[in-house]
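The values are calculated or read from the model by the stated rules, or taken from the named source; none is laboratory data. Keep in mind that this is a model prediction, so the values were computed, not measured. Virtual Cβ from ideal backbone geometry, glycine too; neighbours counted across all protein chains shown. Accessible surface areas use protein heavy atoms only, side chains included; no ligands, DNA or RNA. Shrake-Rupley method; radii C 1.70, N 1.55, O 1.52, S 1.80 Å.
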Amino acid sequence: MKKLSVTVKTLTACALVAAAASCADKASQTTPAPVASAEGAEAPAALNIRYIDADSVISAYRLAQQLFEEQQREVNRLQQWHESKQRELQSLANNIQQKQQNNVYLSQASMESDMQNFQKKGEEAERYLGTQQQRLANSELQIRQRLSDSLQAFIADYNAVRGYDAILLRDAGVYFNPALNITAEIIEGLNARLGDEASK
C-alpha cells in the first residue's frame, strides 16, 4: 500500500507565503506613496523585512507535531490492517490450491464457490482500502487547512504589532542577514498561544 506522507515543507509553505503576502499587502495599503523630490525623482522607500525558516517553525510547533502524530497513527493502523488482510487472502488462495491438488473438491460447483468467496473477499478488501485511503487524504487536507489558518492568524496578529512590510520564507532567497530571522519568535508565540487556548 502506498503510504500517505505528510511533508513539513508542503504543509507550511502555502500558509506562510499567504501570510507574508497578507502582511505585505497590509503594509502597502497603509504606507503613503513616495514623495517626489525637487528634481522629480522618487525617493526610494526602505523596506522593513523579516524571514522565517518554515521547516523549523513546523518541526517545533506543538500543534503540527500533534496533528502529524495522529495522522501517522492512522496510516500505521491502515497499513497493519492491509497486511493482515493480504495474509488472510493468501491463506484462502493456498487452501483452494491444496484442495485442488488433493482432489478434495467433489464437484466443479464446490470449487467455484470457494473461488467466488475468495474473489468477493478480495474485492471487499480493495473497496475498504480505497475508502480509508480517501479518508486519510481528506484528513491530510484538513490538517493543512488547520495549520494554514493557525499560522496566518498568528502572523497577522504578530505583524499588526511589529509592522513589517514583508515576512518571507527562508527558501525564497539565496541569502538573508541572520539578524532578520524571526523564526524563534514565531515558534515561541505559536506555542504560547496554543498553551493559552488549551488552558481555557
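I want to confirm something. Restricting to the range 99-117 and keeping residues that are among the aliphatic types (A, V, I, L, M) and open to solvent by 80 Å² or more (accessible area, probe 1.4 Å), which single residue is nearest to residue 72 (Cα to Cα)?
First, the residues of the range 99-117 that are among the aliphatic types (A, V, I, L, M): 104, 106, 109, 111, 115.
Within this subset, residues satisfying the condition of being open to solvent by 80 Å² or more (accessible area, probe 1.4 Å) are 106, 115.
Numbers: 106: 48, 115: 36 Å.
Once the filter is applied, the top-ranked residue is 115.
Please work out which one of (1) of a type in the set (D, E, K, R); (2) closer than 26 Å to residue 45 by Cβ; (3) modelled with pLDDT under 95 is the condition residue 197 fails and give its number.
The one condition residue 197 does not meet is (2).
Take the residues in the range 141-200 that are outside any helix (DSSP H, G or I) and free of Cβ contacts under 8 Å to residues at least 40 places away in the same chain, then tell me which one is farthest from residue 56 (Cα to Cα).
Per the stated criteria, the residue is 200.
Checking residue 135 against (1) modelled with pLDDT under 95; (2) open to solvent by 80 Å² or more (accessible area, probe 1.4 Å); (3) farther than 18 Å from residue 60 by Cα, only one condition comes out false. Which one?
Going through the list (1) modelled with pLDDT under 95; (2) open to solvent by 80 Å² or more (accessible area, probe 1.4 Å); (3) farther than 18 Å from residue 60 by Cα, residue 135 breaks only (1).
Residues that are aromatic (Phe, Trp, Tyr) and more than 23 Å from residue 68 (Cα to Cα): does the range 99-111 have at least one?
Yes, the conditions are met somewhere in the range 99-111.
With 89, 129 as the choices, which residue is surrounded by 11 or more Cβ atoms within 10 Å (Cβ to Cβ) and either of a type in the set (Asp, Glu) or touching a Gly at 6+ places or on another chain (Cβ under 8 Å) (or both)?
89
So is residue 135 more than 30 Å from residue 50 (Cβ to Cβ) and part of a helix (DSSP H, G or I) or not?
Yes, satisfied.
Would you check if residue 69 is assigned to a helix (DSSP H, G or I) and open to solvent by less than 100 Å² (accessible area, probe 1.4 Å)?
Numbers: assigned to a helix (DSSP H, G or I): yes; open to solvent by less than 100 Å² (accessible area, probe 1.4 Å): no.
No, not satisfied.
Please verify whether the range 118-126 includes one or more residues that are in contact with a Leu (Cβ under 9 Å, 6 or more places away or on another chain) and open to solvent by 40 Å² or more (accessible area, probe 1.4 Å).
The answer is yes, given that some residue of the range 118-126 is in contact with a Leu (Cβ under 9 Å, 6 or more places away or on another chain) and open to solvent by 40 Å² or more (accessible area, probe 1.4 Å).
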